[in-house]
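Remarks on the structure that follows.
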Amino acid sequence: MRLSIFNDEIGLDITKAISHFQDWGLEWIDLRGRVMGREFCMLDTEEMNDVARLLSDGNLQVACLQSSLAKFHLPGPEQLETEKKKLEGIIRAADTFNCRLVRSFFYWQPEKDQQGALVMRPDELQKVLDRFGPLAERAKEAGLTLVFENCDVTVPECLTVLDALGVPEWGLAWDCANEWLDDNPPDDEGIALRLRRSRNIHVKSEGIVPGLADVSVPWAEILMMATTNGFNGPVSVETHNPDSSLSNLDVSKQVVDRIRRVWPGGSPAAKRRTQLDFAPLKFVVVGLGMGLVRARQLAAEPGTEVIGVVDIVSERAEKAGAELGCEWTTELDPWLERDDCEAVFVMTPTGIHADIGVAALNAGKHVLTTKPMEANLAGCDRMIEAADRAGKLLAVDFEQRLAVPTQRIRQRIAAGDLGELVGGTLLVRILRDMEYYRANGGWRGTHRLDGGGVMSNQTIHNIDQLVYCLGMPSRVSMRTWTQTHEIEAEDLGSATWEFENGAVLQLLATTSYPVDTWYSNLELHGTQGACTYSFGGPYATEVERWNVIGNWENIPPEPEMPRWTNSAQNLAAAVRTGAELMCTGRDGRRSRLVLDRMYESAKKDGAWVEIER
């Protein structure tokens, strides 16, 4: 579930609107009209490419193509031919803007007194299908996901046509306000039905901005129900400002702000626009599995530049170099001799982080390692000592520290909102098959190269999050099992942490979950309150709830966020300006220390093991 906005609702052409969307912290927009003065699908190929470059430069992606396709009532042959040509423009746009979700209509726009009749009139339905059928076939052929809006038609009519067309991926573009404004709002069962069939939700100013309508749409309830009914599409602001005395720009901003306030878990927070006044730090990325994802991120964000990539598989390195427009090698050594290489991002198997990191530090390069920092404490210590000797920075890529929920938990606990911590639970449920463990030489699930199993590879994210938010436990206990995989290390771990104040935290993690997901749930409680944070599994979006002094909050306060959007950018700022690192090498070592003591306990059949200070 992601927040988007119709590009033309603020009353400006997209060439002038982008800066406003950036200022509002938006990452997604829906294209409709006012795109170089026209509807998006009327642009030629060169114009579409120009718009795509504008959006890319503005760090904006297209969530939905809000077309007017088939917005006519049972038209004749001439209009049908015109709409076929329009669809070809939409398909070109879908390719150009990398967006297959398309709002459409279906040649049924009756007079007001006839709205709803299509459900009961099979003869009229057949007329609709006869006319819309060729468009439907072409859309399926092009891989489009069509969504039908209840605009001048009813939701049951939209669902009737969807059922008749029989394309399971297609759905409803639910304009909620229309039903409330027509004084015919659905009950909870009806809302749930609409959410299950929806691929897009529209948010109008009427019903959310006070004073613009006599009704109020229960947006907090709708969005909360969306998370539990499998909705994972865009929630699109379609302002439809009814008051000409107010600017479309101001009213649209109000809608964005108000929908954010009722978003489940208090997100999405406005994307942090990073204004950087220093030259980018030049990175070489080593290891191009997940490393390619990180390299793309470094190339796209301000403050960092990828000048080279390294992988022992030459084809992989060459392909990444071509994509990123940089040099590639199969060995790191040539880069260590080059002055233009300032930092090395280590994305290799965990057990060789220290070998690469120490070599880079000894060569005078700054180092950022992926998680976990190393497969054992000795490797962490080797890197820390090398960084100290070289006078270079060593950081660990624990990006949960930069996430809104993590910062909120850390700051609210520090402020005493939960009182004194009493306890909590962490559950991590993931599916990994044996192909995952066998890939790339079979290093995953081994103690030497992966540092362990599910606790080391996957749950280390959460272990670091807990250490960052709660501090170090005083002692730990763990038992492990290997249930469904032929691997050396565990695919199930169950651990207990005890803190100095007596608080007890229980952790359970598995890679044998039967659903292909990353399902995580954290619950904490203290003497005055509790919080829960979940994502994945049955939740289409993050769900975060707080109970403070007896009251459940639907809208927790926004935390003060770090300036940085990723760990590499933070390292660049630390090198260039002396900014504080979000996760130093010593911070990364602390998380490995807790994990190693958990494994020590597992070897002792769950006996308590003290955590040294």
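Counting only residues that are assigned to a helix (DSSP H, G or I) and of a type in the set (Gly, Ala, Ser), which one in region 281-299 is most open to solvent (accessible area, probe 1.4 Å)?
The residue in question is 299.
Residue by residue, here is whether (1) at negative phi; (2) open to solvent by less than 10 Å² (accessible area, probe 1.4 Å); (3) not basic (Lys, Arg) holds:
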position: 539; (1), (2), (3): yes, no, yes
position: 557; (1), (2), (3): yes, no, yes
position: 582; (1), (2), (3): yes, no, yes
position: 589; (1), (2), (3): yes, no, no
position: 606; (1), (2), (3): no, no, yes
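Taking region 192-203, which residues are out of contact with any Pro (no Cβ under 7 Å at 6 or more places or on another chain) and open to solvent by less than 10 Å² (accessible area, probe 1.4 Å)?
The first filter runs over region 192-203 and keeps only residues out of contact with any Pro (no Cβ under 7 Å at 6 or more places or on another chain), leaving 192-193, 195-199, 201-203.
The answer is 195, 198, 201, 202, 203.
Among the listed residues 124, 179, 169, 149, identify the single one that is charged (D, E, K, R) and loosely packed, with under 15 Cβ neighbours inside 10 Å. Please lay out each step first, then the result.
Numbers: 124 fails: loosely packed, with under 15 Cβ neighbours inside 10 Å; 179 fails: loosely packed, with under 15 Cβ neighbours inside 10 Å; 149 fails: loosely packed, with under 15 Cβ neighbours inside 10 Å.
So the residue among 124, 179, 169, 149 that is charged (D, E, K, R) and loosely packed, with under 15 Cβ neighbours inside 10 Å is 169.
Check residue 460 against each of (1) open to solvent by less than 50 Å² (accessible area, probe 1.4 Å); (2) touching an Asp or Glu at 6+ places or on another chain (Cβ under 8 Å) and name the one condition it does not meet.
(2) is the only condition that residue 460 fails.
Looking only at region 414-438, how many residues end up being in a strand (DSSP E or B), under 26 Å from the mean Cα position of the chain (by Cα) and not hydrophobic (A, V, I, L, M, F, W, C)? First the steps, then the outcome.
At the first step, the residues of region 414-438 found to be in a strand (DSSP E or B) are 421-431.
From what's left, under 26 Å from the mean Cα position of the chain (by Cα): 424-431.
Right, trim to not hydrophobic (A, V, I, L, M, F, W, C) and you get 424-425, 429.
Selection size over region 414-438: 3.
Can you name the residue in region 99-121 that is open to solvent by 30 Å² or more (accessible area, probe 1.4 Å) and of a type in the set (Lys, Arg) and, of all such residues, is nearest to residue 198 (Cα to Cα)?
Let us first name the residues in region 99-121 that are open to solvent by 30 Å² or more (accessible area, probe 1.4 Å), namely 100, 109, 111-115, 119-121.
From what is left, the residues that are of a type in the set (Lys, Arg) are 100, 112, 121.
On the way: 100: 15, 112: 24, 121: 24 Å.
If we take residues in region 99-121 being open to solvent by 30 Å² or more (accessible area, probe 1.4 Å) and of a type in the set (Lys, Arg), then 100 is nearest to residue 198 (Cα to Cα).
Looking at 141, 189, 206, which one is open to solvent by less than 60 Å² (accessible area, probe 1.4 Å) and among the acidic types (Asp, Glu)? Even if it seems obvious, please write down each step before you answer.
Numbers: 141 fails: open to solvent by less than 60 Å² (accessible area, probe 1.4 Å); 189 fails: open to solvent by less than 60 Å² (accessible area, probe 1.4 Å).
Sole residue among the options that is open to solvent by less than 60 Å² (accessible area, probe 1.4 Å) and among the acidic types (Asp, Glu): 206.
Could you say whether any residue in region 510-525 is farther than 24 Å from residue 603 by Cα, surrounded by 19 or more Cβ atoms within 10 Å (Cβ to Cβ) and either among the polar types (S, T, N, Q) or in contact with an Asp or Glu (Cβ under 6 Å, 6 or more places away or on another chain) (or both)?
Taking every residue of region 510-525 in turn, at least one turns out to be farther than 24 Å from residue 603 by Cα, surrounded by 19 or more Cβ atoms within 10 Å (Cβ to Cβ) and either among the polar types (S, T, N, Q) or in contact with an Asp or Glu (Cβ under 6 Å, 6 or more places away or on another chain) (or both).
Which number in (1) in contact (Cβ under 8 Å) with a residue 24 or more places away in the chain; (2) surrounded by fewer than 22 Cβ atoms within 10 Å (Cβ to Cβ); (3) under 25 Å from residue 312 (Cβ atoms) marks the one condition that residue 413 misses?
(3)
Just to be sure I understand, how many residues within region 126-161 are among the aromatic types (Phe, Trp, Tyr) and touching an Asp or Glu at 6+ places or on another chain (Cβ under 7 Å)?
Summing the residues that are among the aromatic types (Phe, Trp, Tyr) and touching an Asp or Glu at 6+ places or on another chain (Cβ under 7 Å) in region 126-161 gives 0.
Quick check: is even one residue across region 581-589 out of contact with any helix residue (DSSP H, G or I) (no Cβ under 9 Å at 6 or more places or on another chain), under 30 Å from residue 487 (Cα atoms) and not in a strand (DSSP E or B)?
no
Do we have any residue at all in region 342-360 that's hydroxyl-bearing (Ser, Thr, Tyr) and assigned to a helix (DSSP H, G or I)? Show your work before the answer.
Filtering region 342-360 for residues hydroxyl-bearing (Ser, Thr, Tyr) gives 348, 350.
With the extra rule that they be assigned to a helix (DSSP H, G or I), the set shrinks to 350.
Scanning region 342-360, I find at least one residue that is hydroxyl-bearing (Ser, Thr, Tyr) and assigned to a helix (DSSP H, G or I), so the answer is yes.
Of these, 334, 372, 349, 302, which one is open to solvent by 30 Å² or more (accessible area, probe 1.4 Å) and under 30 Å from residue 612 (Cα atoms)? I'd like the intermediate steps shown before the answer.
Details: 334 fails: under 30 Å from residue 612 (Cα atoms); 372 fails: open to solvent by 30 Å² or more (accessible area, probe 1.4 Å); 302 fails: under 30 Å from residue 612 (Cα atoms).
Result: 349 is the single residue among 334, 372, 349, 302 that is open to solvent by 30 Å² or more (accessible area, probe 1.4 Å) and under 30 Å from residue 612 (Cα atoms).
Of the residues 364, 325, 321, 351, which single one is touching a Lys or Arg at 6+ places or on another chain (Cβ under 7 Å) and farther than 20 Å from residue 584 by Cβ?
Numbers: 364 fails: farther than 20 Å from residue 584 by Cβ; 325 fails: touching a Lys or Arg at 6+ places or on another chain (Cβ under 7 Å); 321 fails: touching a Lys or Arg at 6+ places or on another chain (Cβ under 7 Å).
After ruling out the rest, the residue left standing is 351.
The values are calculated or read from the model by the stated rules, or taken from the named source; none is laboratory data. Bear in mind that the values here come from a model prediction, so they are computed numbers and not experimental data. Methodologically, a virtual Cβ is constructed for each residue, glycine included, from the backbone with ideal geometry; neighbour enumeration extends over all protein chains shown. In case anyone asks, the SASA skips ligands and DNA or RNA and just uses the protein heavy atoms, side chains included. Shrake-Rupley method; radii C 1.70, N 1.55, O 1.52, S 1.80 Å.
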